[in-house]
Each structure stands twice: as C-alpha cells, then as structure tokens.
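Scroll down for the structure; my scribbles are underneath it.
The values are calculated or read from the model by the stated rules, or taken from the named source; none is laboratory data. It should be emphasised that the depicted structure is a prediction, and the values quoted were computed from it without experimental measurement. So basically every Cβ, Gly included, is an ideal-geometry build from the backbone, and we count neighbours across all protein chains shown. Accessible surface areas use protein heavy atoms only, side chains included; no ligands, DNA or RNA. Shrake-Rupley method; radii C 1.70, N 1.55, O 1.52, S 1.80 Å.
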Amino acid sequence: MSDRIFSAVNKGLETIKIEVEIKTIFGKPAFIIIGLANRVIDESRERITAALSQCGIRIKPKKTLVNLAPADLDKKSSSVELAIAVAMLQLYGEVKFKTDQALFLGELALDGRLRRIKGFVSIALAAKELGFKQIYFPRANLGELPEIKELDFYPLVSLQEFLAFARGKLQLKKAVHHSQVSESNQQIDFAHIFGQTQAKKALEIVAAGKHNLLMFGSPGSGKSLLAQALLSILPDLSEKEFLEINRIYSLCGLLKNSLLTRRPFRAPHQSISKVALIGGGFYQTPGEISLAHRGILFLDEFAEFKHQLIEMLRQPLETGVIEISGGKQRCVYPANFSLVAASNPCPCGFAGSQQPCRCTPYDLKRYQARFSGPILDRIDLTLRIETVEISTLATKQVESSSLVKKRVMEAVNLAQKRYVDTPYNSNADLDSQAVLALCQIEAEAKKTLDLMASYKKLSTRGYFKLIKVARTIADLKQQRTISKEDILEAFSFRDFFI
C-alpha cells in the first residue's frame with residue numbers, strides 16, 4: 001500500500017491539487033518520478049536526496065517510485081519537492097503524520113532549507129475549497145500570507161524543522177495574518193504640476209471611469225509627468241481587486257516582503273518583446289498587460305512600439321482578458337487595465353506647436369499611420385498636451401491630489417451603487433446594452449450627441465465610448481443623468497494629432 005501526500009501547482013491562475021503517491025517495488029535500485037514531470041521536477045531527485053541526507057536519512061537501495069497525479073497534467077513547478085520528501089519520510093517509517101487535510105509546498109535546497117515558491121497566494125486561496133485545513137510552506141513566503149479563516153498556516157525554515165515537529169520534538173507556531181501597510185513610494189502630486197488644466201481633468205476622468213487615454217504633444221510638454229501623477233488619484237483597491245492583483249504578482253514571483261496594496265503602474269520600454277508584453281513562454285507566465293490589471297499600463301513613445309505589439313492590445317482592451325495558448329497548455333489571464341499612452345505628433349516632435357516642424361507632409365502621414373483605426377477607436381480620450389507658458393510657472397497651485405482623489409472616490413462610489421447586482425465595476429466596463437439601460441441621458445443631451453456623432457462620423461464603438469466618458473463626467477459632478485454639458489465636454493477630449 002502506498003502513502004499519499006498532497007501538494008499543489010498552478011496552471012495559470014488555476015490551482016491543481018497534486019497527489020504524491022510513493023511505493024517501493026522490486027527492481028534495480030532507483031529513484032523515479034513519473035506523472036508528466038518536466039526537467040525541473042526530474043532534477044528534484046538530487047535535491048530531495050541531498051536534503052534527506054542532511055536529516056541523517058539515506059535513500060534505501062530499492063526501486064522507489066513516485067507518482068504525481070493527475071498524470072495528464074504537465075508539472076513544471078518545484079513546489080512539490082517538500083511533499084515528495086515528506087512522503088519518503090512516511091514510507092521509511094521516520095514519521096507518522098496525518099496528512100489527509102494537509103498541503104505541503106516548498107522547493108528544497110541541498111542543505112534542506114526551504115526556498116520561496118511562486119504562486120503561493122493562488123494556492124493559499126484555493127486550499128480551503130480543495131478541502132485542506134493546514135498548509136506547510138516556506139517561511140520565505142510569509143509576507144504573501146492572505147487572510148483566510150478556518151485554515152492554519154505553518155511556515156517552515158527547513159526539512160529538518162518539519163522532521164523535528166513530526167517527531168514531537170518541536171512545536172510549530174501558526175502564522176498570523178498581519179494587516180498590510182501601504183507602500184511609502186513617493187508619488188507626484190497634482191499640486192506640483194503647473195497649468196495643464198484640461199490634462200488634469202482628463203486624468204481625473206480616467207481614474208474615475210477606468211478609461212483609456214492617448215496624449216500627444218511636443219517634447220518636454222509634460223506627458224510622462226502627467227501619467228505618473230495619475231497614480232496619486234487612483235481609487236483604493238477593493239478586497240476582490242486586492243486579491244486579483246496579488247495572485248498575478250505572486251505567480252510571477254514579484255512579491256517580496258508584503259502584498260501589494262496599491263494599484264499597479266507598469267511602464268515597459270518600447271523595445272519590449274511580445275512575450276514580455278502579452279505573456280506566454282515556456283511557463284505561460286503573465287505579461288505586462290496582466291501585471292497592469294486593475295491599474296495603469298503606461299506606454300511612453302507609443303509610436304515607437306512595434307506595430308504588431310500595438311495591434312495585439314486590441315483583444316485585451318475590448319474584453320479585459322488575454323488567452324495564451326501554447327503546446328499542451330492554455331491559460332487565461334485577466335488584463336483589465338487602463339491604457340495611458342503618450343506620443344509625439346510627428347518624427348521631429350513639433351508639429352502643431354509654436355516650434356517649427358521639420359517634417360514633410362509624407363513624414364507626417366507615415367508617422368500617424370502607425371496608429372491604426374481599430375486601436376484609436378478603442379481609446380476613450382485623445383488629448384493634445386501643450387507646452388506650459390513660462391508665466392504659468394509662477395502661479396500657485398491650490399488643488400492637490402488628495403482633493404482630486406476625494407472627487408474620484410465619490411464618483412466611483414456613485415457608479416458602484418448604480419451597478420450593484422450587475423457584472424460591471426466601472427463605466428468603462430459597460431457593453432452597448434448596459435449603456436442604453438443604465439446611462440440616463442437628457443433629451444437635449446441626446447440630440448447634441450447624435451448631431452455631433454454624425455458630424456464626427458463616429459463608429460458604433462466610438463459612439464458608446466463617448467457616452468461612457470460623459471457618464472463619468474456626470475459622476476464627478478454627482479449627477480444622476482447625463483447633461484448636454486457633459487456630452488460637449490466628452491467631445492472636447494476627442495482631439496486630433498495636429
């Protein structure tokens with residue numbers, strides 16, 4: 001009869017329970033791991049052997065067979081090594097331990113220490129649903145500990161510590177969840193940005209409604225500074241959003257000593273690869289668009305990104321998810337982010353400004369052709385950033401980010417009350433049917449909307465996006481219905497390059 005120990009691995013954000021079955025059979029002495037274990041786990045044999053020897057236990061000269069079930073699932077994580085080692089301790093009679101409701105996670109070092117694993121947050125959240133009551137995990141993952149009731153967490157430093165505990169020589173302390181403290185990273189305050197009244201208003205709309213924004217302007221006009229200041233007025237995370245973000249970051253191994261408490265702000269360079277931006281690779285890991293989930297994806301020098309990369313943003317901008325398929329594995333990751341892009345209006349950067357432009361009409365046409373119609377149609381606000389006059393720099397700024405954030409939070413709360421008992425979280429999430437059902441427009445505003453949409457030749461998507469922006473503007477004013485002024489203001493944020 002074989003002993004069974006349980007571990008878990010992540011397939012994307014889905015957690016799969018792994019049963020570790022172990023048995024000695026007749027045959028040439030060997031230590032064999034089966035169950036679609038890849039090379040990472042295949043090398044686990046040497047780490048487990050060395051770790052057990054540090055505990056004074058040698059692999060017996062028999063054919064030891066370890067099966068990782070389910071057998072049809074590729075195992076690419078070394079987090080099952082602690083479970084295999086515990087199974088061998090049980091098999092050799094070194095410990096007698098009840099393991100039916102225990103989950104063992106951890107990668108072993110050669111000296112028996114337990115190393116940090118990736119994806120701990122997802123596994124911990126799924127453990128209760130999988131029927132477990134205790135989790136034994138590396139102490140290095142202690143900072144990623146979520147608050148889960150009716151589940152006991154036991155952090156371990158090494159295999160030797162677990163062996164002493166299982167033999168009754170040591171008492172393990174349960175890990176206690178501590179409230180997370182917000183990161184003290186410095187943010188750019190709106191009060192430190194001179195002028196740019198319309199740009200600040202656009203950022204306020206983006207933060208309140210989770211819309212997409214494209215800024216264009218000459219070099220030094222403040223596009224990057226404005227994008228970074230947006231982080232200071234983003235609404236606080238809900239409990240659901242908090243867990244979603246940390247599951248993704250834990251899977252990528254980006255959590256160090258604590259869970260994230262702020263919305264992410266990702267700003268990849270234009271030389272980024274397809275896999276790094278979208279996700280994928282051998283381990284099907286999330287890309288930058290998933291790391292920006294529930295936050296901001298800032299693409300500076302938007303026109304300098306490869307055309308293929310820009311076009312790949314179409315699906316996640318529309319659906320809020322990205323599906324990655326490769327080989328035997330298919331993963332779906334969330335990618336519900338707000339795109340904030342910044343670009344020069346032309347190759348020299350001065351088209352439409354007070355500085356003389358050195359580009360030919362052909363250069364302008366070719367440069368602006370880098371932004372395809374489908375991508376521009378998915379952007380809610382397009383705004384030209386003008387260079388601030390020197391005289392404006394002497395003016396005193398009175399409105400800080402805290403005041404703007406207060407308005408944003410009030411608008412978000414109003415929208416959430418409106419969308420209660422619906423699958424929508426923000427104005428940007430609405431589909432066309434939801435816009436018609438949930439966005440009340442005054443009669444005069446509807447006439448103005450239809451007239452301007454016909455004049456501007458808006459697409460159907462552009463038409464509904466404009467209504468959603470107007471709805472956010474109305475929310476910032478704490479209005480129940482969309483007025484004519486809200487529609488006109490929404491149209492003012494659909495600027496042209498020149």
Scanning the range 359-390 for residues that are farther than 18 Å from Val340 by Cβ and among the hydrophobic types (A, V, I, L, M, F, W, C), the one most open to solvent (accessible area, probe 1.4 Å) turns out to be Ile390
The residue that is surrounded by the most Cβ atoms within 10 Å (Cβ to Cβ), considering only those in the range 414-470 that are farther than 15 Å from Ala208 by Cα and among the β-branched types (Val, Ile, Thr), is Ile441
Within the range 8-25, residues closer than 15 Å to Lys76 by Cβ and part of a strand (DSSP E or B) come out as Ala8, Val9, Asn10, Lys11, Glu14, Thr15, Ile16, Ile18
Listed by first then second residue, the pairs whose first member lies in the range 348-375 and is charged (D, E, K, R), whose partner is open to solvent by 50 Å² or more (accessible area, probe 1.4 Å), with beta carbons under 6 Å and at least 6 positions apart or on separate chains, are Asp363/Pro347
Screening Leu309, Leu297, Leu260 for residues that are open to solvent by less than 50 Å² (accessible area, probe 1.4 Å), among the aliphatic types (A, V, I, L, M) and assigned to a strand (DSSP E or B) leaves only Leu297
Filter the range 56-71 for residues that are assigned to a loop (DSSP other than H, G, I, E, B), open to solvent by 40 Å² or more (accessible area, probe 1.4 Å) and touching a residue at least 24 places away in the same chain (Cβ under 8 Å); the one that is nearest to Ile25 (Cα to Cα) is Lys62
Flagged in the range 1-46 as acidic (Asp, Glu) and open to solvent by less than 70 Å² (accessible area, probe 1.4 Å), in numbering order, are Asp3, Glu19, Glu21, Asp42
With criteria (1) of a type in the set (Gly, Ala, Ser); (2) modelled with pLDDT under 90; (3) under 22 Å from Gly281 (Cα atoms), Ala335 comes up short on (2)
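If I filter the range 10-44 down to residues being more than 19 Å from Met88 (Cβ to Cβ) and among the aliphatic types (A, V, I, L, M), which single residue comes out as farthest from the chain's Cα centre (by Cα)? Steps first, please.
The initial filter retains those residues of the range 10-44 that are more than 19 Å from Met88 (Cβ to Cβ), namely 10-17, 36, 38-39.
Subset that is among the aliphatic types (A, V, I, L, M): 13, 16, 36.
Working: Leu13: 11, Ile16: 21, Leu36: 29 Å.
Going through the qualifying residues, I end up with Leu36.
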The residue that is nearest to Gln196 (Cα to Cα), considering only those in the range 229-254 that are open to solvent by 10 Å² or more (accessible area, probe 1.4 Å) and among the hydroxyl-bearing types (Ser, Thr, Tyr), is Ser232
Every listed condition ((1) basic (Lys, Arg); (2) without any contact (Cβ under 8 Å) to a residue 24 or more places away in the chain; (3) touching a Lys or Arg at 6+ places or on another chain (Cβ under 8 Å)) holds for Arg263 save (2)
Among Arg167, Arg116, the single one that is of a type in the set (D, E, K, R) and within 24 Å of the chain's Cα centre (by Cα) is Arg116
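Can you tell me which residues in the range 219-228 are open to solvent by 10 Å² or more (accessible area, probe 1.4 Å) and in contact (Cβ under 8 Å) with a residue 40 or more places away in the chain? Write out each step before concluding.
Of all residues in the range 219-228, those open to solvent by 10 Å² or more (accessible area, probe 1.4 Å) come to 219-220, 222-225, 228.
Passing the criteria: Pro219, Gly220, Gly222, Lys223, Ser224, Gln228.
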Over the range 441-492, the set of residues in a loop (DSSP other than H, G, I, E, B) and either modelled with pLDDT of 95 or more or not hydroxyl-bearing (Ser, Thr, Tyr) (or both) is Glu442, Lys457, Leu458, Lys477, Gln478, Gln479, Arg480, Thr481, Ser483
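Among the residues of the range 396-411, is there at least one that is farther than 27 Å from Ile233 by Cα and open to solvent by 50 Å² or more (accessible area, probe 1.4 Å)?
Here is the first cut: in the range 396-411, the ones farther than 27 Å from Ile233 by Cα are none.
No, the conditions are met nowhere in the range 396-411.
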For the range 407-429, pairs from a residue that is touching a residue at least 12 places away in the same chain (Cβ under 8 Å) to a residue that is open to solvent by less than 80 Å² (accessible area, probe 1.4 Å) and among the β-branched types (Val, Ile, Thr), with Cβ under 7 Å and 6 or more apart or across chains, are Val408/Ile233; Ala411/Thr472; Asn427/Thr472
Note to self: Here is a check on your reading of the model: is Gly253 out of contact with any Asp or Glu (no Cβ under 6 Å at 6 or more places or on another chain), in contact (Cβ under 8 Å) with a residue 40 or more places away in the chain and farther than 30 Å from Ile16 by Cβ?
What the structure shows: no
By residue number, the members of the range 312-339 that are in contact with a helix residue (DSSP H, G or I) (Cβ under 7 Å, 6 or more places away or on another chain), in a helix (DSSP H, G or I) and open to solvent by less than 70 Å² (accessible area, probe 1.4 Å) are Pro316
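Residues checked against (1) closer than 24 Å to Pro268 by Cα; (2) of a type in the set (A, V, I, L, M, F, W, C):
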site	(1), (2)
Pro316	yes, no
Gly326	yes, no
Ala335	yes, yes
Val404	no, yes
Could you tell me whether any residue of the range 419-427 is at pLDDT 95 or above and of a type in the set (D, E, K, R)? no
